[in-house]
Amino acid sequence: MSLRYVLNAMLRRPVETLAAAVAVAVTVALLASLGSFVERTGGRLTVTAAARVPVDWQVQLTPNGDLAATTHALSAVPGLQGLREVDYLRVPGLVSTGPAGTRTTGAAFVVSIPQDYATFAPGEIRALLGPGTGVSLQQQTAANLAAGPGSSVRVLGSNRSVTVRSVVDLRQADSFFQVVGAPVGSGAAAPPDNVLLVPPAELKALAGTAPVVRQLHVRLDHRQLPHDPAAAADLVAQRVNHLVVAVSGGALVGDNLAVALSAAREDAVYARLLVLLLGIPGLVLAGVVAALVVSMRNERQRRDLGLLRLRGATPGRQGLLVGAVALVDGLLGAAIGAAAAIPVSRLALDGKSPSTGWLLVGGGAGLLLALLVELGPLARLLRGGAPTVAEQVTTSTKARTPLPLRLGLDVVLLGGSLVTLWLTSRNGYQVVVVPEGVPVASVDYGPLLAPALAWPGGALLVWRLTALALGRLPSTPATDPHGRLRDLRRAVLRHRRRLVARGAMALALAVGITLSAAVFTATYDRQARVDVALTVGSDVAVTMPPDSTTGLSPGIAKVPGAQAVEQVSHRLAYVGPDLQDLYGIDPKTIGRAAPLQNAFTPGSSVTAVMRALASTPDGVLLSQETLHDYQLHKGDPVRLRLQDASNQYRTVTFHVVGVVTEFATAPRDSFIVANRGFVAQQTGRSEVQTLLVRTSSPAAVAARITPPPGATVADTSSGSAAVTSASGLAAGSLTGLSRLLLGFGLVLATASTALVLASSATARRPALTALSLLGASARQGAGFLWTESRAMVVAGVVGGAALSALLSHELLKVLTGIFDPAPEHAAIPWSFVAGTIGAVVVAALLTTGWLARSTSRVDPSRLRD
Amino acid sequence: MIVKAEGVTVTFGGRTVLDEVDVALDAGETGALVGRSGSGKTTLLLVLAGLLPPTSGTVHREVGPEDVAYVPQAASLLPELTALQNASLGLRVRGVAPAEAERIAAELLHAVGLDAAVDALPEELSRGMQQRVALARALATRPRLLLADEPTGTLDRETGRVVVDVLRETCVALGTSLLVATHDSEVAAAFDHRWELGAA
């Protein structure tokens, strides 16, 4: 009997079975894809973070350390790819003698690196002049000494001279010269200003008996790291601990890899939070849609159960039979969902399929969902709680005001949401806190309450307001010459206002969820582009090393496709003993090519600050840190030392006009922005080291630019630009999650519209049949459906748009830590918004049209019931 | 004959519900189809109303569809409209002005004894009252033929008798031919004609 019942249920009503299975499948596919996104994001962040590290460990021998023993211990480390010895010698200074005279630097580091170091640790050293091997001067040291390839440099303390072969840029100088073993939280030490790289044999000769710091630079196989950045950081830390124990205090380890992975943990947590805040509402909506689909067969199920009862089936037996059907629906849904998740994930997540684990989780959830939504109503039917058809026909649909609204839950939830938002945002909170050196990322879930409360609160408010508005519809027209029955349609609508409002609430939720996800991801994408543009400098940037005496001609960037070219002089200036980057700009025109946001100039708009700088030739913008450290205020004079045309440092007096936190191509720490013309005039040097190019096709324009020797061209479309941008999440972007959420959101919003309207019209069928029997035309009968659909869709779309505006605002506030820089306002993807609303309206038109057509005919079989 | 059915047979999925049935009713006459549940009464009414084509046999009606009113067993009132609005619905769909339609409907409600319930919603009315509103709604359009399916089916015997009496008297007064389906022989006894339908 069971098998026959299940087969009958499936084969005699294939559309119902398929609809239920597809509804479950949507949930399965969404869950599996979201899980996949989280897993993949973690993996991508780990890979990206690890890829940025040229040297994973810097193992420094202690005075009683033994090189052989340490090397032996390292050889036992799983995944060891290679190691090189790098020794550091501190000397009193370097001296060069040239046409401009003799120059002497302050204290310097002479570092020995093996011949193949550039291959061993690509990304650590970049050759600027010469082959990049052999005796090399760091770029700034070369500038200080006015030396280059072929110059002779004497090392003070050894009285030996070496001949320079190359000038190089040490791209990871912070970690390369880190104080290994410094306690956590002691802060990074500034890298030395003067560095000479030499072959190992040369260092021995230079050092003599002087103490040398010996390090082993180690590279590990990153493919062996766990996907999750936190787990990867833990594993690496454990291996370091094991190594330290193995060498019995003979070495200290500078763990660059763990530091990078630790930073990626924050991004991984944010990715999870995004899925939580944007994905979970989508999943709930998918579950509701599945329940709606299944509920449409409750009436037939009720009749089937009546027949089963007549045939003597016990309630348990009935439950078993319906449960078996639910199981089949669930299995079918799980299979379809899992099969759909594969192409969906591939499409959305860069061609990657979801893992088996997430497919199983999705399938299991689908099975559970099918059982819950199908057996739930059954329990009600078995208890006799479901109304019969006759009861439905004659029972008033004037539902009571629901309990949540009577309790004022909408106002309470929304109020709670706004208060939470205010409390958490007024003091510059952080949702995710990842303390350095602590293996666990801490998440402050408090602020998340704001959007979590806004979802239900906003939805309930839509319910309340819709019911209120429909209850105040004007009464009746005095005449009805065309028999349109407007007064009766309004009377019915007024009477059914709470049910219509409930449908509008469901639509508003679907629209709100979809649009808020769209606004959030559009804002994110825009900020990610700004982030990358900040790193690059503009859409395209041509750069020479700072203080380079070879300038760039703006003509080289004036290629087809370039919309604007801005010249920036990149100099190095001493503020007291600190050497900082100084950017000479034309403040009136810099905005044509460089990204400018108010967030760059705290306390004032960026336009006002640029105007102030333009009107103050000797004006200068300093970082907050510099202002604080030197107790400087707006209007104060500040004396900077810059190199002039004779490569001598000379003091120039500027006046502080404002504070700047970020600027195109500028580093994250302290830097200076000044008027390019004034800097040139004071130093007698007008070379331009950077050209910023605004274009709508960065890659094409970058390809057309022929840089002079020593210059590099970067553009926002290149992967390296994204990878080196500040935010790890920005590096990968949310494209995958956006595609998933927006795609499923569109499907769910459209399906919700169709289902809510269909569900409502199904309940109206007896009344419409009565109208037909009275001789009402198809148009008159359909008028009742169209009136209700129109009210529901208008309220749902307007309510959904309002809900999405509130939610987008809260999401952007709560997840502000993701953005760097913070967005000034939300980006609204108008085409997607219009597309979603259009899809909802079209779904409403098609559904109502189809329902109107199907209910316009009297079905004798219903009258025979 | 206002309606005449000859040799009407209806089968559903191989099951014969009506087998060679003959019925004829003249203008102003009343008749009753009597039979147990499942005997095909509703099916025959649907065939006579033109809502269901017979498998075989012929049906002849002197009147057009607009002059035929069919009242299903369930009262089928619109739950959101008052008794007066429900009773005027048949006229409204025919384009009668709201005020005129309500005036006629009020008269019919008066005729079926529901003066006091004009502003009540269906859920505020008893089953018998709901059935009377449905009959008033059908009669308000002045049909020449009224087909009522088990108008007393869900009512107690006393209420059923009242409803049938009101219905018959109103139809006679309006000159409307009336054919009801009922399982109650006592109810059928009051009509001009009666046809027994056997269980299929």
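The values are calculated or read from the model by the stated rules, or taken from the named source; none is laboratory data. Predicted, not measured: the structure shown is a model, and the values here were computed from it. Virtual Cβ from ideal backbone geometry, glycine too; neighbours counted across all protein chains shown. Side chains are part of the model used for accessible areas, which takes the heavy atoms of the whole protein and leaves out ligands, DNA and RNA. Shrake-Rupley method; radii C 1.70, N 1.55, O 1.52, S 1.80 Å.
Numbers at a glance
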read-out: Cβ-based net charge around A:Leu368, under 15 Å, with every Lys or Arg adding one and every Asp or Glu removing one; value: -2
read-out: Calculated [θ] (222 nm, deg cm²/dmol) that DSSP helices of n ≥ 4 give over chain B, each run adding -39,500 (n - 2.57); value: -10500 deg cm²/dmol
read-out: Length gained when the stretch A:Gln597-A:Ser831 is fully extended (0.36 nm per residue, less Cα-Cα span); value: 81.8 nm
read-out: Using alpha-carbon coordinates, inclination of helix A:449-471 to the longest axis of chain A, degrees; value: 40 degrees
read-out: Exposure of B:Lys4 as accessible area (Å², to 10), given a probe of 1.4 Å and all protein chains; value: 80 Å²
read-out: Centroid-to-centroid separation of segment B:1-42 and segment A:626-689 [C-alpha atoms, Å]; value: 104 Å
read-out: Relative packing of A:243-256, A:49-62, which averages over residues the other C-beta atoms within 10 Å, highest first; value: A:49-62, A:243-256
read-out: Theoretical FRET efficiency, 1/(1+(r/R0)^6), r = Cβ-Cβ of B:Ser185 and A:Val412, R0 60 Å, to 0.05; value: 0.40
read-out: Simple spin-label estimate for A:Lys558 and A:Thr651 in nanometres, 7 Å along Cα-Cβ; value: 4.1 nm
read-out: Under-5 Å amide H pairs with A:Gly537, H placed in peptide plane, nonlocal only; value: A:Thr665
read-out: Note, ³J(HN,Hα) from phi for segment A:44-57, Karplus 6.51, -1.76, 1.60, rounded to Hz, x at Gly and Pro; value: 5, 5, 5, 5, 5, 5, 5, 5, 6, 9, x, 10, 6, 10
read-out: Reduction of at least 50 Å² in accessible surface, 1.4 Å probe, comparing all protein chains with the chain by itself, residues of segment B:93-109; value: B:Val93, B:Pro98
read-out: Nitroxide proxy distance, nm - points 7 Å out along Cα→Cβ at A:Ala608 and A:Ser475; value: 5.8 nm
read-out: Cα centre as origin, Lys/Arg/Asp/Glu Cβ charges: the protein assembly as shown dipole, Debye; value: 660 debye
read-out: GNM result for chain B, Cα springs below 10 Å: residue of B:Ala97, B:Ala140, B:Ala181 fluctuating most strongly; value: B:Ala97
read-out: For B:31-43, mean number of other protein chain Cβ atoms within 10 Å; value: 1
read-out: Choice from B:Gly113, B:Gly95, B:Gly28 with maximal GNM fluctuation in chain B (Cα, 10 Å cutoff); value: B:Gly95
read-out: C-alpha long axis of helix A:298-310 to longest principal axis of chain A, angle in °; value: 50 degrees
read-out: Whole-Å distance, taken between Cα centres, linking segment A:307-333 and segment A:480-517; value: 35 Å
read-out: Solvent-accessible area of A:Arg171 with every protein chain in place, 1.4 Å probe, in Å² to the nearest 10; value: 130 Å²
read-out: Selected from A:Ala251, A:Pro226, A:Ala264, residue furthest toward positive end of dipole (segment A:223-267; charges at beta carbon); value: A:Ala251
read-out: 22 Å Cα-Cα reach of B:Lys4 towards lysines, excluding residues that sit fewer than 8 places from it in its own chain; value: B:Lys41
read-out: Estimated buried accessible area (total), pair A and B, 1.4 Å, Å² to nearest 100; value: 2700 Å²
read-out: Average beta-carbon neighbours from other chains, 10 Å sphere, peptide A:768-779; value: 6
read-out: FRET efficiency for A:Val794 and B:Ser37, using Cβ-Cβ distance with R0 set to 56 Å, rounded to 0.05; value: 0.75
read-out: Rounded FRET efficiency, nearest 0.05, which uses the C-beta distance separating A:Ser777 from A:Ala51 and R0 of 56 Å; value: 0.20
read-out: In nm, spacing of pseudo-spin labels at A:Thr549 and A:Thr661 (7 Å Cα→C-beta vector); value: 4.0 nm
